[in-house]
Each structure stands twice: as C-alpha cells, then as structure tokens.
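As structure tokens, the structure follows; a few thoughts come after it.
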Amino acid sequence: MSIKDNIEQIQSFLKNQQKNVTLIAVSKTKPLQSIEEAIHAGQRIFGENKIKEGIEKFSPIKEKYNLILHHLGPVQSGNSKKLFGNFDYTHGVSSLSSLQNLMKESEKYKKPLKYFLQVNLTEEDSKSGFQEDELLKLIQNPTQIETEFLKLEGLMTMGPSSGEENLTRLVFRRLNEIRNSSLSGAKLSMGMSGDYPIAIAEGADFIRVGSSIFGDRNYN
C-alpha cells in the first residue's frame, strides 16, 4: 500500500471511532519525498524525534503547507532552545530539570510552544518519564509548569516494550484516570503503530504513527 493509502486507512478508522483524535505522522529518518507524499494525501501534522533533523527537513516547507510539527524525542538542555519557533509541540518533557530548562528558554525566545509531560507508567528502566507520584506533586502548582509562552498541553506515555495487550490497555487507561482526576482538560498523547487502536479506546487525543504510514524506519 502507498503512503496515501495508509493515511486514508487510518483516517477512516479514526472516523469510525467517532472520537476527535489527532494523527501525528512520525516521519523520523524518512526523506522529504515521503513527507511530501503524505502532504499530498492531506496530512498536515508531523512528528520528528531529532530536533536538528526536523528543522532541516521541515524549515523549507512548514509555512508553505501550513504544517504543524511535533517534537517526540527527549528534551535535552543543549538543544531545547531550538524547539522555539521551529516546533509547535514537544512530547518528551520527562524530568523536572528538563522542564525548568525549557521554562527558562521560553522566557528568552518568547515564541509559543506547547508540551506534554512524559509519564513512565510501565516502570521500565528503558523508558524515561515522571513516576506517577512525582507527576501528581508537580502539577499541584501551576506556576511550576507554565510560562507566558510555554503551555502544558497534556500527558504522554508509552506502552510496555513487550507489547502485551492487556498490560498496554492498563497503562493507557491509567493515564486517562490520572488526567480525569488530577488534570482535567489535559490532552493525552499515547499510542503508536502497534497499539494506537487500544490507545484510542482508552482515551487518546493524539496518536503517534510512523511505520504504519511510512513503512519500516530507515536506520543510518
């Protein structure tokens, strides 16, 4: 199937769910040609893991096609300043130090950026993110999590590395419960190519889909 066919298939699935879910087409490692195929299929929202790669690929076309760009990788202090003015969202704020750095940078660059707090609900060492108790403590004080230009959009999590369906469902369900009980109105970023139907059923607002649109990743 072509990139266009893949996008249409996913969008048809989303429509049938009768839920307002935003599809982020994860174009990491993919060439501009593939991205343009997706654009011509109507896709306007893309995700990149590496800040430099995202800027290089999307700077020439972002305004031309009125694209929205999500940063999906970890927020690292050395590169975080480059998010402002180049990306609309970042999903990888996984520690208090990275959040505090981002807040400082937002006051310098004064360009709007929305972000998601990454939550580690699988308790796997291989995954970054706030532990649940850390998150609940952090969001009690709004002055700790927003500035004039940096706004909290919601919470992000990843399913277990095993891909086990029942555990995946429990992880996504728990993030939804946290949102409903402690951060009303927040959006949820959860679900990738292998588990986005489960994520949607459990309350996802954004899904991050790469290989199901573009095919397997190109490793450099």
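Things to note:
- Fully extending the segment from GLU107 to GLN33, taken as 0.36 nm per residue of separation minus the present Cα-Cα distance, adds 23.1 nm.
- Positive-end extreme of charge dipole, the chain - chosen from LEU188, THR122, SER27 (charges on Cβ): SER27
- With at most 15 neighbouring Cβ atoms within 10 Å, loop chymotrypsin sites (Phe, Trp or Tyr not before Pro) (DSSP) excluded, longest segment of the chain: 66-218
- Enclosing the Cα atoms of region 8-72 in their convex hull gives a volume equal to 84 cubic angstrom per residue.
- Contact order relative to length of the chain, as percent, for alpha carbon pairs under 8 angstrom and 6 or more apart: 19
- Centre-to-centre, using Cα atoms only, region 82-143 and region 1-39 are separated by 26 Å.
- Dipole axis of the chain (+1 Lys, Arg; -1 Asp, Glu on Cβ), positive-most option in GLN11, GLY78, VAL171: GLY78
- Distances between every pair of Cα atoms in the chain, grouped in 5 Å steps from 0 to the bin holding the largest one, split as 1, 7, 15, 19, 20, 18, 12, 6, 1, 0 percent.
- Approximate spin-label separation GLU134-ILE68, in nm, with each point projected 7 Å along Cα-to-Cβ: 2.8
- When you filter the GluC sites (Glu not before Pro) in region 88-131 for DSSP loop state and at most 13 other Cβ atoms inside 10 Å of their Cβ, you are left with GLU123, GLU124.
Each value in this text was obtained by applying a stated rule to the coordinates, not by laboratory testing. Remember, predicted model here, so these are calculated numbers, not experimental data. Note: ideal-geometry Cβ built from the backbone for every residue, glycine included; neighbour counts use all protein chains shown.
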